[in-house]
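S.K.: Dropping a structure here in structure tokens format, bear with me for questions.
The values are calculated or read from the model by the stated rules, or taken from the named source; none is laboratory data. Here the structure is a predicted model, which is why all the values come from computation and not from measurement. Cβ coordinates were reconstructed from backbone atoms using ideal geometry, including for glycine residues, and neighbour counts include every protein chain displayed. Only protein heavy atoms, including side chains, enter the accessible area calculation; ligands, DNA and RNA are left aside. Shrake-Rupley method; radii C 1.70, N 1.55, O 1.52, S 1.80 Å.
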There are 6 protein chains.
Amino acid sequence: MRRMPYVNIKVTREKEPVTPEQKQQLIKGVTDLLQNVLGKNPKTTVVVIDEVETDNWGIAGETVTERRKRGE
Amino acid sequence: MRRMPYVNIKVTREKEPVTPEQKQQLIKGVTDLLQNVLGKNPKTTVVVIDEVETDNWGIAGETVTERRKRGE
Amino acid sequence: MRRMPYVNIKVTREKEPVTPEQKQQLIKGVTDLLQNVLGKNPKTTVVVIDEVETDNWGIAGETVTERRKRGE
Amino acid sequence: MRRMPYVNIKVTREKEPVTPEQKQQLIKGVTDLLQNVLGKNPKTTVVVIDEVETDNWGIAGETVTERRKRGE
Amino acid sequence: MRRMPYVNIKVTREKEPVTPEQKQQLIKGVTDLLQNVLGKNPKTTVVVIDEVETDNWGIAGETVTERRKRGE
Amino acid sequence: MRRMPYVNIKVTREKEPVTPEQKQQLIKGVTDLLQNVLGKNPKTTVVVIDEVETDNWGIAGETVTERRKRGE
């Protein structure tokens, strides 16, 4: 059974950027996963990646920037 | 009957940028559409446009950057 | 110039539901708008509509449910 | 390098539902993919799946419900 | 300086539901927070709450449903 | 009862930027609010802030850029 899938991946933007090759791997990997698990037509699978500054990402009540300063 | 609408439009950021005039047209057009179809009060209609790098947008298992290289 | 668009429309779920015909009108209208303003290929335009309970939608610090009780 | 990932997967809700086992496979698969490609700590990887009614999903200007009626 | 804010809160739907009163508290609390920290006009602050089934929420590679079975 | 929360805050990017300290206050404030109202474990609370250009934000059918020109 075909389904229409849309996937949004958000990751923090760190000192080592996510390379175009890694983005291509993520997009290919997610599309294959949806096809394998749900039998979806990969032609209509849309994937959008958002890179988010560490100042703009919080976990456990503090920004990732603060956590990185402590080496976490 | 009034409804509260929120609309998010994501488009790829291509060589020719989306101009401020086009953004204004999209925002006006979507707001009018919601008013015409659903009778919504346009005052509370919020529209947010996200422009996404072609490296970060995938369809059919590959990035739009790769598709553009092949002229698609 | 072709672009890949994705649109998400969120509206409150009120006593009078949004009918399938209205949903079809919204989807057609947004797709046409993107084609007219940005010259996009409508084939790859994806639109997702979310209907949100009035308890779950807040504006100006209170739920829409509360506003409806006051006739707003 | 660790990154904080958040993934949202939207799929249409069709006659054959997505089973809990399939959801578990999607969540495991995406988490593994992010770890393999980006070296992320899987502990902080969050995945949210949304199932969307076919009336509420549009592609190419029409609802998926309409497309299903034509056998597409 | 006024800013336009939009906030989306996603929480798992557990056995004890989030009550309308708790939703009202979340909406009021977030709106006040944005006003206090950023000086925003609360009139234009929109908050949308999504409740997500535990089958549809994954962390660390498994669904919350599975974690709940183990008492986590 | 613990719940998994994810919060996304979108605000317009104005001339005076949102400072890292304000972002930290927003993240801490939202995390505390969720813990106080819903009893959530703050460790798994994720907050993502998006700053949106005023050209890309529309309300009442026009961009925030246009409204700012009129002093609104």
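S.K.: List the distances, in nm and shortest first, from the label point of B:Lys69 to the matching label points in every other copy, placing each point 7 Å from Cα along the Cα-to-Cβ direction.
M.R.: Result, one decimal in nm: 4.1, 4.1, 4.3, 4.4, 6.0.
S.K.: Is the C-alpha gyration tensor of the protein assembly as shown telling us rounded, prolate or oblate? Criteria: a/c under 1.5 is rounded; beyond that, a/b larger than b/c is prolate, otherwise oblate.
M.R.: Since a/c stays below 1.5, the shape of the protein assembly as shown is classed as rounded.
S.K.: Something else about it: What is the percent carbon and sulfur in the accessible area of the protein assembly as shown, measuring with a 1.4 Å probe over the protein chains and ignoring ligands?
M.R.: That share works out to 47 percent.
S.K.: Turning to a different aspect of this structure: If you take the charge dipole of chain B about its Cα centre, with +1 on Lys and Arg Cβ and -1 on Asp and Glu Cβ, which of B:Ile49, B:Val18, B:Gly39 is farthest toward its positive end?
M.R.: With unit charges placed on the Cβ atoms, the residue in question is B:Gly39.
S.K.: What are the residues whose amide H is under 5 Å from the amide H of C:Ala60, where those residues sit 5 or more places off or on another chain and H is modelled from the backbone?
M.R.: Result for C:Ala60 returns E:Thr45.
S.K.: Only Lys, Arg, Asp and Glu count, each charged at its Cβ (+1, +1, -1, -1), so figure out the dipole size of the protein assembly as shown about its Cα centre, rounded to 20 debye.
M.R.: 0
S.K.: Related question: Just which residue of chain D brings its Cβ nearest the axis of rotation onto chain C, and by how many angstrom, rounded whole?
M.R.: D:Asp50, 5
S.K.: A follow-up question, please. Quantify how much of the Cα-Cα distance distribution of chain B extends past 17 Å, in percent.
M.R.: Result: 54 percent of Cα pairs exceed 17 Å.
S.K.: Could you check the simple spin-label distance between D:Arg70 and B:Glu72, using points 7 Å along Cα→Cβ, in nm with one decimal?
M.R.: With each label placed 7 Å out from Cα toward Cβ, I get 2.2 nm.
S.K.: Can I ask one more? Ignoring ligands, DNA and RNA and using a 1.4 Å probe, state the total buried accessible area between A and D in Å², rounded to the nearest 100.
M.R.: 3000
S.K.: Moving on to the next point. Dipole of the range C:6-69, Cα-centred, from +1 at each Lys and Arg C-beta and -1 at each Asp and Glu C-beta, to the nearest 20 debye?
M.R.: Computed charge dipole of the range C:6-69: roughly 240 debye.
S.K.: Treating the angle as unsigned and between 0 and 90°, give the value, to the nearest 10°, between the Cα long axis of helix C:20-38 and the longest Cα principal axis of chain C.
M.R.: 50
S.K.: Which trypsin sites (Lys or Arg not before Pro) in chain A pass both tests, a DSSP loop state and at most 11 other beta-carbon atoms within 10 Å?
M.R.: A:Lys15, A:Arg70
S.K.: In nm, what does the list of distances from F:Gln35 to its counterparts in the other copies look like, shortest first, when each label sits 7 Å along Cα to Cβ?
M.R.: 2.5, 2.8, 4.6, 4.6, 5.3
S.K.: Placing the label point 7 Å from Cα along the Cα-to-Cβ direction, what are the distances from C:Thr19 to the equivalent spots in the other copies, shortest first, in nm to one decimal?
M.R.: Nearest to farthest, the other copies are at 3.9, 3.9, 3.9, 5.5, 5.6 nm.
S.K.: Next up: Contact order normalised by length for chain F, with contacts defined as Cα pairs under 8 Å and 6 or more residues apart; what percent is it?
M.R.: Reported as a whole number, the value is 43 percent.
S.K.: Apply the Karplus parameterisation 6.51 cos²θ - 1.76 cosθ + 1.60, with θ equal to phi minus 60°, to every residue of the range F:45-54 and state each ³J(HN,Hα) to the nearest whole Hz, in sequence, with x for glycine and proline.
M.R.: Couplings: 7, 10, 10, 10, 9, 10, 9, 10, 4, 5 Hz.
S.K.: Which value, in Å² rounded to 10, gives the accessible area of D:Glu53 with a 1.4 Å probe and all protein chains present?
M.R.: 90
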